[in-house]
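See structure below.
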């Protein structure tokens, strides 16, 4: 299990994952359905792995990721609600 913090902004959820000693080329982030998976390798045999289940209101297909000083920051945008026009006959 990794240390992770979650913050909500008006536009997105921000997930910060502590991954000390992991370089950019050793980090993999994937999204399948509502599951966001983070993997990282610090040294042979020392790996980080965590999966987060996202609520329906988030867009897992538009996740951005940035690694800075051992902290992986993931930004998961919120979906824009679909407005449906109601008509009359």
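Please arrange 36, 67 by how many other C-beta atoms lie within 10 Å of their C-beta, fewest to most.
67, 36
Modelled label-to-label distance, residue 5 and residue 53, 7 Å Cα→beta-carbon offset: nm?
2.6
Nearest 5 percent is fine: what portion of the DSSP beta bridges confined to the chain is antiparallel?
That works out to approximately 100 percent antiparallel.
Work the Kirkwood hydrodynamic radius out for the chain: mean of 1/r over every pair of different alpha-carbon atoms, inverted, in Å.
With all distinct Cα pairs of the chain included, I get 14.3 Å.
Could you tell me the relative contact order of the chain? Use alpha-carbon pairs under 8 Å, at least six residues apart, and round to a whole percent.
29
What is the extension gain from residue 89 to residue 44, computed as 0.36 nm multiplied by their sequence separation minus the C-alpha to C-alpha distance, in nm to one decimal?
9.4 nm is the gain from fully extending residue 89 to residue 44.
In vacuo Debye scattering of segment 30-82, one point per C-alpha: log10 I(q)/I(0) at q = 0.17, 0.18, 0.24 Å⁻¹?
-0.59, -0.65, -0.97
Laboratory data are not the source of any read-out in this text; all were calculated from the coordinates shown. These figures come from a predicted structure and were not determined experimentally. Using ideal geometry, Cβ is built from the backbone for each residue, glycine included, and neighbour counts are taken over all protein chains shown.
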